[in-house]
1. At 1.4 Å probe size, with every protein chain present, just tell me what the per residue accessible area of the range 138-283 comes to in Å².
2. Can you work out the base-10 log of I(q)/I(0) for the range 47-168 at q = 0.10, 0.13, 0.14, 0.22 1/Å, using the Debye formula on its C-alpha atoms alone?
3. Charges at C-beta only: +1 for Lys and Arg, -1 for Asp and Glu. How large is the resulting dipole of the chain about its Cα centre, in Debye rounded to 20?
4. Residues of the range 11-115: accessible area per residue at 1.4 Å, in Å²?
5. Picking from 78, 127, 50, whose Cα lies most toward the positive end of the charge dipole for the range 41-155 (charges on Cβ: Lys, Arg +1; Asp, Glu -1)?
6. Express the carbon and sulfur contribution to the solvent-accessible surface of the range 153-283 as a percent, rounded to the nearest whole number, probe 1.4 angstrom.
7. Let's see if you can work this out: charge +1 on each Lys and Arg Cβ, -1 on each Asp and Glu Cβ, no other charges. What is the dipole magnitude of the range 152-251 about its Cα centre, in debye to the nearest 20?
8. What's the whole-number percent of alpha carbon pairs in the range 158-253 lying beyond 17 angstrom?
Amino acid sequence: MPDTFPDPSLPETSLDKLLAALGLTEEPYGLFYTDSEPVDGFFPDAGPPLSLEREARGEVDWGAVWGHFSCVMGKLWLARKKRAAAWFDAEHYGCPGGSFYLGFHAPQLEFITCYVSTGIPGSPVTGERYLPSPASARRFFTELAPRPAPAKYCVLKPITHFAPTELPETVIFFGRGEVLTGLSTLAAFVADDFEIVAAPFGAGCSFIATWLFHYQAAGRPRAVLGCGDPSARKFMKPDEMTFTVPYALYRQFLMRWPESFLPTKTWGLVQKKIARSREAWGE
């Protein structure tokens with residue numbers, strides 16, 4: 001892994017050293033949008049077009065949607081295993097929810113408002129029961145209001161795979177409890193914000209993209225603790241969560257972590273627990 005992120009404006013502060021201080025052995029992923037077609041990586045099969053209008057007219061081919069279904073977090077999971085990229089667009093979306101969260105269609109489909117809540121009465125769709133009613137789900141999707149995709153492709157790849165001309169919008173760390181303690185405290189330190197970390201409700205992919213853009217648009221950027229989505233947990237290691245930050249906050253991590261608690265004896269004791277955790281999980 002290269003010693004530093006390829007951004008000449010950053011000081012020579014090592015990403016490797018930051019990860020070692022945090023007790024992480026896996027580098028974070030960056031997410032960005034681009035009009036340049038990715039040349040490799042994991043991506044879903046092409047699916048039928050989605051829109052609320054098409055759904056109302058009965059024109060959504062649900063057989064094709066579910067026949068080519070794949071989760072955004074599932075593709076990211078495959079990419080992580082190979083240290084490769086994962087990408088999506090309005091045709092290769094994999095999941096109707098993921099298409100909405102990544103900004104490829106809006107408003108959300110009525111079927112999904114029922115699916116994530118209490119289901120459709122009189123049908124086999126019993127619902128995930130993550131929200132108490134379709135009305136609640138509809139309000140959630142309206143309030144979150146994902147940003148329209150600013151370019152054709154949404155790409156996720158290891159942060160050290162970015163070219164000097166590419167910058168991520170969000171940076172995604174993967175870690176268990178003790179590591180998350182370090183990331184959360186570091187975020188508060190560099191931002192001087194006691195409420196910098198948010199843990200909202202949402203699908204797995206909303207925590208690595210949508211919520212970050214939502215908070216940014218509101219003028220209050222946040223780090224987001226995520227993947228509390230039961231449906232996406234199968235694509236995470238046991239006890240693992242995502243911790244996603246805006247790129248500006250990531251830059252502050254790289255520049256200022258030596259000033260923080262991470263070099264202290266207190267954190268050294270936590271590092272021993274992190275080592276024991278990795279040993280317990282055979283890592």
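1. Values: 6740 Å² over 146 residues.
Per residue, the range 138-283 has 46 Å² of solvent-accessible surface.
2. Values returned for q = 0.10, 0.13, 0.14, 0.22 Å⁻¹ are -0.36, -0.59, -0.67, -1.34.
3. 780
4. 43
5. So the residue furthest toward the plus end is 78.
6. Numbers: 3330 of 5760 Å².
Within the range 153-283, the accessible surface is 58 percent carbon and sulfur.
7. Computed charge dipole of the range 152-251: roughly 300 debye.
8. Working: 2222 of 4560 pairs.
The share of Cα pairs beyond 17 Å in the range 158-253 comes to 49 percent.
The values are calculated or read from the model by the stated rules, or taken from the named source; none is laboratory data. Treat the numbers as computed from the prediction; the structure is a model and nothing was measured. FYI the Cβ positions are ideal-geometry reconstructions off the backbone, even for glycines, and counts take in every protein chain you see. What goes into the accessible areas is simple: the full protein's heavy atoms, side chains included, and nothing from ligands, DNA or RNA. Shrake-Rupley method; radii C 1.70, N 1.55, O 1.52, S 1.80 Å.
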